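Working notes for the structure below.
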Amino acid sequence: MDSHVDVAVIGAGQAGLSAGYYLQRLGADAGLRFVVLDHAPGPGGAWQFRWPSLTLSTVNRVHDLPGMAFTDVLGAEAPDQVLAADAVPRYFAEYERRFALPVRRPVHTRVVCDHDAGGLLTLETSTGALTARGIVNATGTWERPFVPRYRGAELFAGRQLHTRDYRTADEFAGRHVVVVGGGISAVQLLDEISRVTTTTWVTRREPQFRDEPFTGEEGRAAVAVVEDRVRRGLPPGSVVSVTGLPLTRALRAARERGVLQRLPMFDEITADGVRWADGTAQRADVILWCTGFRSALDHLAPLRLRGPGGGITMDGRLATRVAADPRIHLLGYGPSASTIGANRGGRAAASELIAHLRSHAGSTP
């Protein structure tokens, strides 16, 4: 791997590959040198680690990467029978091959800091150090599962796990499972688990289900809310909190079975279950935390990008550029967190970063 590049892309998921595609095309005439660093053992981003029951018919949507349709690889396979953990890595692998993207793996980026001169950035990685004039960070959130702290958690005698650790509902047969969380993954796993055992569902806020199809206009409005937050330096909010949960055929059936009877969050965890503030208790063998993820940005800590409230102020056309440091673009943070947002963000980040490098080095990046 070269010890110096113009741009280093960290992460080879949807956002990282999209950025690589546009860096290759928009920077070709100027001889842009870039590399995509991926810590995973193979192509597929976080998709290769998803639970086996997640098929292409149950995911939100795998949006086509620029320049190559998902169906070019999937073909005529039935989406309800194709595991997302198999199909998406196949698609990403073919994408990397077809466009000859310079993906290097497994390479773990440990820390990014300012170089000693020339406005360069130094990346300390598991395979050595390299310098770059700009960075597109596309590390996503899979590496930072979030589990809130609740009183008594250390006393619980049963099993606690996060969405990231989930594999199959069958392992919970005969056990009472408390599912915590109001997002799409929470209700999907609640539906699966409730088919083999008893469940309790708790959320911090009252879930909002939507019967009607999700329109493009509503999607843009939801993304705009998240974008406004990061432009003001606030931590990104959840898109689902704005759009509501789509009431799919499977969830309608779950509601008819009485599974979607949501309870408010408990007050504490006990040795054998959970307890609410009014003294009501529920015995439990398992607590499944479907409480989301946080952006994996710890390796950027030396750059001091975060503001006092923990957010990072973003600007640029699609809010991918760090306002305080135009050498750095964040994909998968804020409005670029969705698959379609990652594609659009990849193009914006590539074009804006190339323009920045040109403005600081004549006509050549």
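The values are calculated or read from the model by the stated rules, or taken from the named source; none is laboratory data. A quick note: this is a predicted structure, and the numbers were derived from the prediction, not measured. As a convention, Cβ positions derive from the backbone with ideal geometry for all residues, glycine included, and neighbour counts pool all protein chains shown.
General remarks:
- Cross-chain or 6+ apart pairs with Cβ under 6 Å, region 31-54 first and more than 19 Å from residue 94 (Cα to Cα), then in a loop (DSSP other than H, G, I, E, B): 32/365; 51/166; 51/167
- Cross-chain or 6+ apart pairs with Cβ under 9 Å, region 83-109 first and assigned to a helix (DSSP H, G or I), then surrounded by 19 or more Cβ atoms within 10 Å (Cβ to Cβ) and among the hydroxyl-bearing types (Ser, Thr, Tyr): 95/21
- Reported count of residues in region 268-294, each being surrounded by fewer than 19 Cβ atoms within 10 Å (Cβ to Cβ), out of contact with any strand residue (DSSP E or B) (no Cβ under 6 Å at 6 or more places or on another chain) and not β-branched (Val, Ile, Thr), is 7.
- Top-ranked residue in region 160-190 [being of a type in the set (D, E, K, R) and under 22 Å from the mean Cα position of the chain (by Cα); ranked as farthest from residue 149 (Cα to Cα)]: 167
- Condition check for residue 143: farther than 29 Å from residue 249 by Cα and modelled with pLDDT under 95: yes
- In region 296-307, the residues that are outside the structural domain of residue 330 (by TED's automatic domain parsing) form no Cβ pair under 9 Å with any partner that is charged (D, E, K, R) and in a helix (DSSP H, G or I), whether six or more places apart or across chains.
- Those residues of region 25-34 which are within 26 Å of the chain's Cα centre (by Cα) and either closer than 15 Å to residue 357 by Cβ or in a loop (DSSP other than H, G, I, E, B) (or both), in sequence order: 26, 34
- Residue match in region 210-220 (condition: at pLDDT 95 or above and within 30 Å of residue 52 (Cβ to Cβ)): no
- Single residue of 8, 40 found to be closer than 20 Å to residue 125 by Cβ, assigned by TED's automatic domain parsing to the domain that holds residue 135, touching a Pro at 6+ places or on another chain (Cβ under 9 Å) and aliphatic (A, V, I, L, M): 40
- When region 152-188 is filtered for residues that are in a loop (DSSP other than H, G, I, E, B) and of a type in the set (Val, Ile, Thr), only 168 remains.
- Test for residue 260: is it surrounded by 15 or more Cβ atoms within 10 Å (Cβ to Cβ), assigned to a loop (DSSP other than H, G, I, E, B), assigned by TED's automatic domain parsing to the domain that holds residue 338 and more than 19 Å from the chain's Cα centre (by Cα): no
- Which listed residue is under 28 Å from residue 55 (Cβ atoms) and modelled with pLDDT under 90, from 243, 203, 197: 243
- The test for being out of contact with any Pro (no Cβ under 6 Å at 6 or more places or on another chain), free of Cβ contacts under 8 Å to residues at least 12 places away in the same chain and surrounded by 15 or more Cβ atoms within 10 Å (Cβ to Cβ) holds for residue 122.
- Scanning region 278-294 for residues that are touching a helix residue (DSSP H, G or I) at 6+ places or on another chain (Cβ under 9 Å) and part of a loop (DSSP other than H, G, I, E, B) turns up 285, 290, 291, 292.
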